[in-house]
Each structure stands twice: as structure tokens, then as C-alpha cells.
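The values are calculated or read from the model by the stated rules, or taken from the named source; none is laboratory data. For clarity, every value in this text was computed on a predicted model and none was experimentally measured. A quick note on method: Cβ atoms are made from the backbone with ideal geometry, for glycine too, and the neighbour counts reach across all protein chains shown.
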Amino acid sequence: MSINAIKSQMLGIYQAKANVKTDVQEESKKQSETSQTNPTPSKQISADDVFKYMSASSFTTPVNMKKTVNVKAYVNVESEARISASMKDFETQFASKLSTVKSEFGNISDDLAQKITLLMF
């Protein structure tokens with residue numbers, strides 16, 4: 001085989017590779033264009049439904065305890081007394097600040113007054 005024959009065969013191989021690359025690129029462009037131009041139709045949801053869903057799944061919904069916790073299984077007597085005293089102190093301060101918020105803002109809902117009071121802590 002002569003050098004010219006080898007060069008021409010190599011040139012043919014390189015051109016075939018280039019053609020394959022451009023074919024693949026063109027096909028991927030066509031697929032992306034068709035996926036962009038043909039979006040799947042979706043059902044329209046009203047804004048009220050969205051807000052209802054958001055409020056139902058919000059972290060501000062109250063927690064309902066279904067069972068009582070046996071504190072003595074987790075802490076000793078001294079810790080239980082300390083935690084109990086701390087919670088009583090918190091409840092006293094919360095009630096005091098809640099009454100202050102209600103007196104300052106006048107006609108305010110209980111829920112909003114509690115939220116404002118919690119921000120004070």
C-alpha cells in the first residue's frame with residue numbers, strides 16, 4: 001500500500017467521524033426543539049386551592065399530642081423539677097406579655113396576639 005492510499009483511507013475515516021458527530025448533534029437539537037415546542041398540557045389550579053394547600057401543609061398548624069410522655073423514663077427527678085419550674089416561669093411570662101400585647105394593640109385577634117408574643121422570646 002502506498003502512503004497516498006493510507007492518507008486517503010484515514011481522510012475517509014476522519015470525515016465519517018465528523019459526519020456522525022454532526023448527525024448526533026442535529027438529532028439532539030431536534031429532540032430538544034420538539035420537547036420545548038410541545039409542552040404537555042397541565043390542569044389549571046385556582047389560586048384559592050393553592051393557598052388552601054399551603055395553609056394545610058404549613059408548619060404553623062398546631063401539633064396534637066396523641067399520647068402523654070413519661071418524663072421519668074428520660075430524665076431524673078432533679079431535671080424534671082428544673083424543667084417543670086422553667087416551663088411554669090415561661091407560661092407566667094408569656095401570659096404577662098400576652099396581656100400587654102392585647103392592651104397595646106387593642107382589638108386584635110387572640111391568634112395574632114400569641115404570634116406577636118412568641119416573637120418577643
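For the stretch 62-116, name all the residues that are within 31 Å of the chain's Cα centre (by Cα), outside any loop (DSSP other than H, G, I, E, B) and not hydrophobic (A, V, I, L, M, F, W, C). Result: D110, D111, Q114, K115.
Residues of the stretch 98-117 that are out of contact with any Phe, Trp or Tyr (no Cβ under 7 Å at 6 or more places or on another chain) and either β-branched (V, I, T) or touching a residue at least 24 places away in the same chain (Cβ under 8 Å) (or both): T100, V101, I108, I116. Do we find that S35 is at pLDDT below 80, assigned to a helix (DSSP H, G or I), surrounded by 10 or more Cβ atoms within 10 Å (Cβ to Cβ) and out of contact with any strand residue (DSSP E or B) (no Cβ under 9 Å at 6 or more places or on another chain) in this structure? It is true that S35 is at pLDDT below 80, assigned to a helix (DSSP H, G or I), surrounded by 10 or more Cβ atoms within 10 Å (Cβ to Cβ) and out of contact with any strand residue (DSSP E or B) (no Cβ under 9 Å at 6 or more places or on another chain). Scanning the stretch 46-95 for residues that are surrounded by fewer than 11 Cβ atoms within 10 Å (Cβ to Cβ), within 19 Å of T117 (Cβ to Cβ) and modelled with pLDDT of 80 or more yields S86, M87, K88, D89, E91, T92.
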